[in-house]
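Asker: Have a look at the structure that comes next, please.
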Amino acid sequence: MQPRQITSTTLVVLVALLPGCATHRVEMGQDDMGKSVSASDMTPANPHLDHIFAWIPRDRAQTASVAEALVYIELGRAKEEVGKILCGGDWLINSASVDSTGPYPATAPAILGGYPAWYFHVSHKPGLAGCPSMPAETLYRELGDRLPTWITVRAASPQLGKKPGTAIATILREH
């Protein structure tokens, strides 16, 4: 078995074991303070950071821990694919994580189908490392194209001097 196959197999086994992990119990449709969560309650994303937004279908993840793990598994798979195809086998690496929200039980926005979901949002310092030969715009677009429709990646909007610049890829995929 190759090292990447071993890693993939290990991740699958770990995800299978997650439902048995202790998790903070939250009633469906409420945050940990008992407040109902909806798309309109979400804090606007900081335009100076990269963001990963996920509305994980609850029929794919019974607990918040499994929902979070699914996001990272899908991101890892997509990064591996982009690395193989565009970067000579090198993995794409996000910059440092700055903040995360969730997973919280919620309802996905109507544009995604309004299904019962877990909302999860992670913010990173801007940029992807591991593939210096490719333009960042290409890397973000290719990464977004390989993710399930319930995950969206948004690149930071760079600023030149004090004037706001244009986003590298404001939203990689419209749902």
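The values are calculated or read from the model by the stated rules, or taken from the named source; none is laboratory data. Being a predicted model, the structure only gives us computed values, none of them experimental. Side chains included, ligands, DNA and RNA excluded: accessible areas come from the protein's heavy atoms. Shrake-Rupley method; radii C 1.70, N 1.55, O 1.52, S 1.80 Å.
Asker: Between residue 138 and residue 48, what is 0.36 nm times their sequence separation minus the Cα-Cα distance? Round to one decimal in nm.
Answerer: On the way: separation 90, 0.36 × 90 = 32.40 nm, distance 1.89 nm.
Using 0.36 nm per residue and subtracting the Cα-Cα distance, I get 30.5 nm.
Asker: What do you reckon, how do 73, 111 stack up by accessible area (1.4 Å probe), largest on top?
Answerer: Numbers: 73 50, 111 120 Å².
Largest accessible area first, the residues go 111, 73.
Asker: Amide H neighbours of residue 61 under 5 Å, counting only residues 5+ apart in sequence or on other chains, H built in-plane at 1.01 Å?
Answerer: Sorted by chain and number, the residues that satisfy this come to none at all.
Asker: Next question, about the same structure. Provide the per-residue ³J(HN,Hα) series for the range 137-153, in order, calculated from phi with Karplus coefficients 6.51, -1.76, 1.60 and θ = phi - 60°, each as a whole number of Hz, with x at glycine and proline positions.
Answerer: Karplus-based 3J(HN,Hα) across the range 137-153 equals 4, 5, 4, 5, 4, 5, 4, x, 5, 9, 9, x, 4, 7, 10, 10, 10 Hz.
Asker: Given H placed 1.01 Å from N in the peptide plane, which residues other than close sequence neighbours of residue 117 have an amide H under 5 Å from its amide H?
Answerer: Placed amide hydrogens put 58, 106, 107, 108 under 5 Å from residue 117.
Asker: Residue by residue through the range 113-126, what is 3J(HN,Hα) from phi via Karplus (6.51 cos²θ - 1.76 cosθ + 1.60, θ = phi - 60°)? Round to whole Hz and write x for glycine and proline.
Answerer: x, x, 7, x, 9, 10, 9, 9, 9, 10, 10, 10, 4, x
Asker: List the residues, sorted by chain then number, that are 5 or more residues from residue 98 or on another chain and whose placed amide H is less than 5 Å from its amide H.
Answerer: Under 5 Å from the amide H of residue 98 lie the amide H atoms of 123, 124, 125, each far enough along the sequence or on another chain.
Asker: Full-extension gain between residue 62 and residue 100, please, as 0.36 nm times their residue separation minus the C-alpha to C-alpha distance. Could you put the intermediate results ahead of the total?
Answerer: On the way: separation 38, 0.36 × 38 = 13.68 nm, distance 1.99 nm.
Residue separation times 0.36 nm, minus the Cα-Cα distance, leaves 11.7 nm.
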